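Read through the structure below, which is laid out as structure tokens, and then see the notes.
The values are calculated or read from the model by the stated rules, or taken from the named source; none is laboratory data. Keep in mind it's a predicted model, so treat the numbers as computed, not measured. Glycine also receives a Cβ, built like all others from the backbone with ideal geometry; neighbour counts cover every protein chain displayed. Surface areas here come from the heavy atoms of the whole protein model, side chains and all, with no ligands, DNA or RNA. Shrake-Rupley method; radii C 1.70, N 1.55, O 1.52, S 1.80 Å.
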Amino acid sequence: MGGCAGSQRRLSDSEGEETAPDSRPSLLDSQGAHWKNATGFWLLGLCNNFSYVVMLSAAHDILSHQRASGNQSHVDPDPAPIPHNNSSRFDCNSVSTAAVLLADILPTLVIKLLAPLGLHLLPYSPRVLVSGVCAAGSFILVAFSHSVGTSLCGVVLASISSGLGEVTFLSLTSFYPRAVISWWSSGTGGAGLLGALSYLGLTQAGLSPQHTLLSMLGIPALLLASYFFLLTFPEPQDPGGEEEAERAARQPLISSEAPESKPDTSSNLSLQEKWTVFKGLLWHIIPLVLVYFAEYFINQGLFELLFFRNSSLSHAQQYRWYQMLYQAGVFASRSSLRCCHIRFTWALALLQTTDKHREFAMAAACISDTLGISLSGILALPLHDFLCHLS
């Protein structure tokens, strides 16, 4: 065997130009897998947050009790204002848009609170299927709704979809190169911009909200296609490798056997270990909670009260524009990792958790935004009533 190996090495040295091309297919395959995964996670981020964003953009319409002639949907493209108080200086709905925000975020909060305790026991594929079905159900239920209550139930489905999807896909990134996280982040920002812009554009063009929402049913289908057909198995050098990723993420579709767990993943962490990791994450979580609280307190608590009466745009149209402009800023921010590099981010590497804790930490830390948004919605409700009673 040694002589054979030596002969092969000498042959390679003397005919290097002929053997060098053999490495090209491997390199091309690696680059192809990189871009497939990058595109896949970008699309997953886009599709996962799309229904959540659309429901927030439609919040002012959902809470209107007026129905346009010929429109079979409860949601009105240009609802007549229903003042909370005739003496108010504001053009108020009877209920704050924060009610839609809470319906769109509280189920997500529950999912994120419970996820670190046992969601990892459920394979990835069924989770993705449930997320896609809930997203489609949210569009259908709100589109054919005839009451605010039914519409809010549809919003709840959107929340379940985005919450379950976020926990699932962020945990899934632990099996892939770390660069996919930035693509996921950019995709979620793209969901904000494209979701708000599509709802604004289609309704401005004269399409009824019912048809606008139904036209978005392709998004849940794209989510399922991106996961099941676009993502590749993790590269061998990544934690878990191809075999583990195949078993954890895809095997439930082709086998009745339960997927095996990686020796060093969340399924093997004790409650004490999880609590220790979570406490270490608090100084990351608390600042994020404050940021998202302030952001959504303005976005869903105050934007609806900002109405310029001398504009050619109706109150509902102005609200949609506010949402679109806000989401444009979110997209720019979340794409910064790929488009606008921030210096000295190497210091963040010192704050990482170990490979053993990474999957759990990714699922636990994503509670930050949801908690901040929930608190903003709770406080925005009484603020709305207070301001709308001002003469």
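Using the Cβ-Cβ distance between VAL133 and PHE386 with R0 = 41 Å, the FRET efficiency computed as 1/(1 + (r/R0)^6) comes to roughly 0.55. Classified by the C-alpha gyration tensor, the range 265-334 has a prolate form. Its axis ratio a/c, with a ≥ b ≥ c, is 1.5 or above, and a/b is larger than b/c.
Karplus-derived 3J(HN,Hα) values for the range 202-218, using 6.51 cos²θ - 1.76 cosθ + 1.60 with θ = phi - 60°, are 5, 6, 5, 6, x, 6, 5, x, 4, 6, 4, 5, 5, 5, 8, 5, x Hz; glycine and proline are entered as x. Think of a 1.4 Å ball rolled over the protein heavy atoms: the range 91-215 then has 31 Å² of accessible area per residue.
Could you tell me which of rounded, prolate or oblate describes the range 121-200, using a ≥ b ≥ c as the square roots of the eigenvalues of the alpha-carbon gyration tensor, with rounded for a/c under 1.5 and, failing that, prolate when a/b is larger than b/c and oblate otherwise? Oblate.
Couplings for the range 384-389, taken from phi via the Karplus curve 6.51 cos²θ - 1.76 cosθ + 1.60 with θ = phi - 60°, read 4, 5, 5, 5, 6, 8 Hz in order; Gly and Pro are left as x. Couplings for the range 91-106, taken from phi via the Karplus curve 6.51 cos²θ - 1.76 cosθ + 1.60 with θ = phi - 60°, read 8, 9, 6, 5, 10, 5, 5, 5, 5, 5, 4, 5, 5, 8, 10, 4 Hz in order; Gly and Pro are left as x.
Close amide-amide hydrogen proximity is noted between LEU207 and no other residue 5 or more places distant or on a separate chain, at a cut-off under 5 Å (H modeled in the peptide plane; Pro and chain starts excluded).
Label-to-label distance, LEU122 versus SER94, with points set 7 angstrom from Cα along the beta-carbon direction: 3.6 nm. Peptides 163-172, 279-288, 207-216 ranked from most to least packed give 163-172, 207-216, 279-288, packing being the mean of other C-beta atoms within 10 angstrom over each peptide's residues.
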